Amino acid sequence: MFNKPEVSKVASLHTQVLASDPDLLERVKKLLQAERKCHVETHARRLCDLSGDMGLGQNTSLLIVEVTSDPRDLQALQQLAGPATNGAPVIVLADGLSHEAARALLKLRVSDWLTRTCGSDELLKAYDHALVQATGATQTRTRCTTFVSAIGGAGASTLALALLDSVIMADKAAAAKTCVVDLNWQSGVVAEFLDIEPAFDLDEITAAPERLDQHLLDVMFTRHKREFSVLASPPRLCSAQVVPPNIVGHVLELVSERFERVIIDMPSTWQPWSESLVRGSDDFFIVTDMTVAGMRHAHRQAAALGSAYGSDMQNSVIVNKAAWRSKAGVSKRNAKQLLGNYLAGFVSDAGDLPTEAQNKGVLLSKLKRNNPIRKTLSKAISVKH
């Protein structure tokens, strides 16, 4: 499942880690220093071997301690989680504790309890949550917008890049915090439209999914000269279903941890992971053109998603390449009748402008700053909020 994590903006301070396992100590230290840039002090000892106030918790922002099945560890933890820590949050690393020990941890109100073999992402989330709870620091939540075409050629990829263009035009600093993800493994065109090389290696990830972490993913982003990032893979001939759903979900979670704004171009062919993307997106838009067949298909798709997942699909269909006047006998009034409450709005037909931008490998604003697509897309998206 694709779940967007909250990204902590708290300043990392002094973290102390206590464990008898030197490998565990080293793993935690390297992770926190690399990912949270904090100072980490390690203690290669067991809790029950400490006495007095144990010298821990003083001028410390966070404590991470290993707890074994030895009852003396819990007794020491009771003291550690008290006045000696000056209120510093405590994360416990423990395996195979008894029910009595688990209840004791709940009573102590430790910030989190993880297994000793927990993943890096899990530990980092616990770390961020503990500091936020202790300091009251603010959090930002990644905003994810997904576009999917109801029919071929409707223009979901074009609108994804048009939204990106609007985001970075409104705030240049937002570019470095924004990523476009092309999930069309077989026939994605986002990289082609931007004239960049796709670097996301699906074969490497599916062959060894346990290696997938933030460090591996970092080398698979393509950084555009305008500072935003793109995650796209070279076209594949094999079935898109060879990519396990849990891998797609994990990739999107890692992307959400890294960026504050994520724009996704989703394939129109339904995949095992598509449901989690519908549920996990803040804004999910079905893109169709101004044809009777296209709008009917978009209506059926919106209705099916609402029925299957209980999602609110009102204002979820965007009619792209909409003419000001009736085109081929179809008017905006017809579109409103066909789509009803599912209609979010219309994106104006900009003639050859999108094709010219794609041929030159640039965003629309490079050719025409105040283009009709930007204005009408922003209006359609704003209806959703």
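The values are calculated or read from the model by the stated rules, or taken from the named source; none is laboratory data. Keep in mind that what you see is a predicted model, and the values were worked out from it rather than measured. Here the Cβ positions follow ideal geometry from the backbone for every residue, glycine too, while neighbour counts run over all protein chains shown. For accessibility, only protein heavy atoms count, side chains too; no ligands or nucleic acids. Shrake-Rupley method; radii C 1.70, N 1.55, O 1.52, S 1.80 Å.
Quick look at the values:
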quantity	calculated
Cα-based shape type of segment 274-385, given that a ≥ b ≥ c are square roots of the gyration tensor eigenvalues and the cut on a/c is 1.5	oblate
Charge dipole (debye, nearest 20) of the chain; +1 at Cβ of Lys and Arg, -1 at Cβ of Asp and Glu	2020 debye
In sequence order, calculated HN-Hα J values of segment 120-128 (Karplus, 6.51, -1.76, 1.60; Hz; x Gly/Pro)	4, 4, 5, 5, 5, 5, 5, 4, 4
Cβ crowding within 10 Å averaged over residues, with 342-351, 24-33, 153-162 ranked highest first	153-162, 342-351, 24-33
Interchain or long-range residues, amide H under 5 Å from TRP113's placed H	VAL92
Antiparallel bridges, percent of DSSP beta bridges restricted to segment 139-262 (to nearest 5)	20 percent
Counted charge near SER311, where neighbours are those whose Cβ lies closer than 11 Å (Asp, Glu -1; Lys, Arg +1)	-1
Solvent exposure of segment 256-298 as accessible area per residue, Å², 1.4 Å probe	32 Å²
Convex hull (Cα only) mean projected area of the chain, reported in nm² to one decimal	21.2 nm²
Sulfur and carbon atoms: percent of accessible area, the chain [1.4 Å]	48 percent
DSSP-loop chymotrypsin sites (Phe, Trp or Tyr not before Pro) across segment 265-317, with at most 16 other Cβ within 10 angstrom	TRP270
The chain, helix-only ellipticity at 222 nm - DSSP H runs n ≥ 4, -39,500 (n - 2.57), divided by all residues, nearest 500	-11500 deg cm²/dmol
Nonlocal amide H pairs with VAL17, under 5 Å, H built at 1.01 Å	GLU41, THR42, HIS43, ILE64
Contour minus Cα-Cα distance for GLN214 and LYS37 (0.36 nm per residue)	62.2 nm
Degrees separating the helix 22-36 axis from the principal Cα axis of the chain, which is the longest one	40 degrees
Local electrostatic count, THR178, Cβ distance below 13 Å [Lys/Arg +1, Asp/Glu -1]	+3
